[in-house]
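Take this structure, written in structure tokens, and hold onto it; I'll ask about it next.
Readers should treat all values here as calculations from the given coordinates under stated rules, not as data from a laboratory. Small disclaimer: the values here were computed from a predicted structure and weren't measured. Neighbour counts are summed over all protein chains in view; Cβ atoms, including those assigned to glycine, are modelled from backbone coordinates with ideal geometry.
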Amino acid sequence: MKIITDSKKIKELLMKGAEEIIEKRNLLKKLKSGKRLRIKHGIDPTGPKIHLGRAAQLWKLREFQELGHQIVLILGDFTAQIGDASDKLAMRRVLSEEEIKENLKDYTRQISKILDMKKTELHYNSEWLSKLSAKELLFLSMKFTAQQMIQRRNFKERWEAGQPIGLHELNYPLFQGYDSVAVKADVEIGGSDQLFNLKTSREIQKMFGQSPQDIITLKMLPGLDGRKMSTSWGNIVTIVDEPNDMYGKIMSLRDELIPIYFELCTHLSLKEIKEIEKSLKEGKINPRDLKEKLAKEIVTLYRGKKSAKMAEIEFNKIFREKKFPSKIPIFSTLKKFYSIVDLLFDSKLVSSKSEAKRVILQGGVRINGEVEKDWKAKIQLKKGMVIQVGKRKFIRINSKNKI
């Protein structure tokens, strides 16, 4: 495939979503030279689903791929057992090999929604890291000091707070650096929280006589509520979410996050995004209208135009027309009466009984459209009864008792 060196495309590539570029002049020169570059990116399978923040980095790889460059994707089946501490204020739970294998099961299918896998060089870093000897690990570590590692922002905060820092965590940047050596990376792409690791990779490449990779760090995508993306906080959107869920989650986005989501999660140009940002600041457009556009763009990317249109219709039916969804999951039971807390938990509308109590007291539970605020209530179940938690969770009762 011919390498595309169009200046406008390269400019957009290096500007959209980028936080920092190290050796920008050098990278620009390489991109204009017509040489096929090896563009590296690593993903640790710490969960089974890829969220929009991680997908943003894959889309940047896709841009390089469309210019003709070689994408080298590393799935960190070895490093996932350690856990990258780059964005962590506490030690990660160590994943077992079985958990990692389970998380990896659907990864390539999800990634293929973004990258052309036929043109992607795919590796698992256990290919080389599992073969490293103690002597080789010592050689890697000799270039760096404990002070360098501890002075990283997150380690420093944990040190000052008296929280533990595992010795295994200090090795993570070394392993990531060795990944770059193993695949002879010309460029590495990562989140802005990865900068220390990416710089470490450059030094390790030098130790092995390789030219140091150039670095592109991308802006971090916040969670829907403005906090860091976290599965446990429920503020993420994954690329395998059902269209209705995906659309509804984007519609719940905080208004001030609309521009960054357009920049990192859609194919709109920087010019279009700046116009959106300006209109939003000047109050010329309703944020709700922008979120509708954003939701349609994102659902279309992963599920197609038809699904995006259907998701829009379903959302408006629930939130504008105040009707029940077209499809509601069925909860079957033989019970005649049910504690409201137990019902919410058993039907999986909530993840715990304490959460059930909280959402009831906050007025977030409705039975056939009527708010239920008594968390001690016992509900007489009737066939067809609809229970709603929050704005998007519903069940329909299939009561098998004879009433």
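Which whole number in µm²/s is D for the chain by Stokes-Einstein, with the Kirkwood Rh taken over Cα pairs at 37 °C and 0.692 mPa s? Can you show the working numbers first?
Working: Rh = 23.8 Å.
Taking Rh from Cα pairs, D becomes 138 µm²/s.
Going by Cα centres, segment 366-380 and segment 302-336 are how many Å apart?
If you average the Cα positions of each part, the centres end up 21 Å apart.
Hey, another quick one. Taking every pair of alpha-carbon atoms in segment 155-206, give the share separated by more than 16 Å as a whole percent.
Details: 623 of 1326 pairs.
That tail contains 47 percent of the Cα-Cα pairs.
A follow-up question, please. So for His123, His267, fewest C-beta neighbours within 10 Å to most, what's the order?
Working: His123 18, His267 13.
Least crowded to most crowded, the residues run His267, His123.
While we're looking at this one, here's another question. Report Rg/Rh for segment 180-333, rounded to two decimals, where Rg is the Cα radius of gyration and Rh the Kirkwood radius. Before the final figure, lay out each step's value.
Details: Rg = 20.0 Å, Rh = 18.1 Å.
Ratio of gyration radius to Kirkwood radius for segment 180-333: 1.10.
Of all alpha-carbon pairs in segment 7-218, indicate the percentage at a distance above 28 angstrom.
Across segment 7-218, Cα pairs with separations above 28 Å total 26 percent.
Among 96-106, 318-328, how do they line up by average Cβ neighbours within 10 Å per residue, starting with the highest? Don't skip to the end; give the middle numbers.
Working: 96-106: 13.9, 318-328: 12.4.
By packing density, highest mean first, the sequence is 96-106, 318-328.
Cross-link candidates for Lys278: which aspartates and glutamates have Cα within less than 17 Å, leaving aside residues fewer than 8 places away along the same chain?
Result set, ordered by chain and number: Asp255, Glu256, Glu263, Asp289.
Still on this structure: How big is the Rg/Rh ratio for segment 313-359, C-alpha atoms only, Rh by Kirkwood, two decimals? Walk me through the numbers before you get to the answer.
Details: Rg = 13.5 Å, Rh = 12.5 Å.
Across segment 313-359, the Cα-based Rg/Rh ratio is 1.08.
Something else: Hey, can you grab everything whose amide H is under 5 Å from the amide H of Gly191? Only 5+ residues off in sequence or another chain; H modelled, so Pro and N-termini drop out.
Result for Gly191 returns Leu218.
Run the reach check for Lys8 against lysines, Cα to Cα strictly under 20 Å, same-chain hits fewer than 8 apart removed. What comes back?
Within reach: Lys16, Lys24, Lys29, Lys30, Lys32, Lys35, Lys60, Lys271, Lys274.
In nm², what is the average projected area of the convex hull enclosing the Cα atoms of segment 231-319? Intermediate results must be reported in sequence, preceding the final value.
On the way: hull surface 23.4 nm².
Projected area, direction-averaged: 5.8 nm².
So, in Å, what gap is there between the alpha-carbon centers of segment 244-266 and segment 97-112?
Their Cα centres are 26 Å away from one another.
Per DSSP H run of n ≥ 4, the term is -39500 (n - 2.57); total these for the chain, divide by its residue number, and report the mean residue ellipticity at 222 nm rounded to 500 deg cm²/dmol. Walk me through the intermediate numbers first.
Working: 19 runs with 178 residues, N = 403.
Helix-only estimate at 222 nm: -12500 deg cm²/dmol.
Per the Kirkwood definition applied to all pairs of different Cα atoms, how many angstroms is the hydrodynamic radius of segment 245-403? Walk me through the intermediate numbers first.
Details: mean 1/r = 0.0564 Å⁻¹.
With all distinct Cα pairs of segment 245-403 included, I get 17.7 Å.
I would also like to ask the following. How much space per residue, in cubic angstrom, does the convex hull of the C-alpha atoms of segment 1-52 take up? Spell out each step's value before the answer.
On the way: hull volume 7.0 nm³, N = 52.
That works out to 134 Å³ per residue.
Tell me which of Ile204, Leu290, Ser332 sits at the most positive position along the dipole axis of the chain, charges placed on C-beta atoms (Lys, Arg +1; Asp, Glu -1).
So the residue furthest toward the plus end is Ser332.
Right, something else. In what sequence, highest mean first, do 194-203, 346-355 appear when ranked by Cβ atoms within 10 angstrom?
On the way: 194-203: 21.4, 346-355: 15.4.
Ranking, from highest mean packing down: 194-203, 346-355.
Separate question: With each pseudo-label sitting 7 Å past Cα toward Cβ, what's the Glu157-Phe139 distance in nm, one decimal?
So the label points at Glu157 and Phe139 sit 3.7 nm apart.
In terms of Cα to Cα distance under 12 Å, which aspartates and glutamates are near enough to Lys2, apart from those fewer than 8 places away along the same chain?
Counting by Cα, and skipping residues close in sequence, Lys2 has these aspartates and glutamates nearby: Glu66.
Phe144's amide H: which non-local residues (gap 5+, or another chain) put their own amide H closer than 5 Å, with H modeled 1.01 Å from N in plane and none for Pro or chain starts?
Here nothing satisfies the definition.
Hey, another quick one. Quickly rank 237-243, 19-25, 71-77 as a protection proxy: mean count of other C-beta atoms within 10 Å, highest first.
Values: 237-243: 19.9, 19-25: 14.3, 71-77: 23.4.
Highest mean packing first, the order is 71-77, 237-243, 19-25.
Shifting gears a bit: For segment 347-403, what is the convex hull volume of the alpha-carbon atoms per residue, in Å³? Could you put the intermediate results ahead of the total?
Values: hull volume 4.8 nm³, N = 57.
Residue-normalised Cα hull volume stands at 85 Å³.
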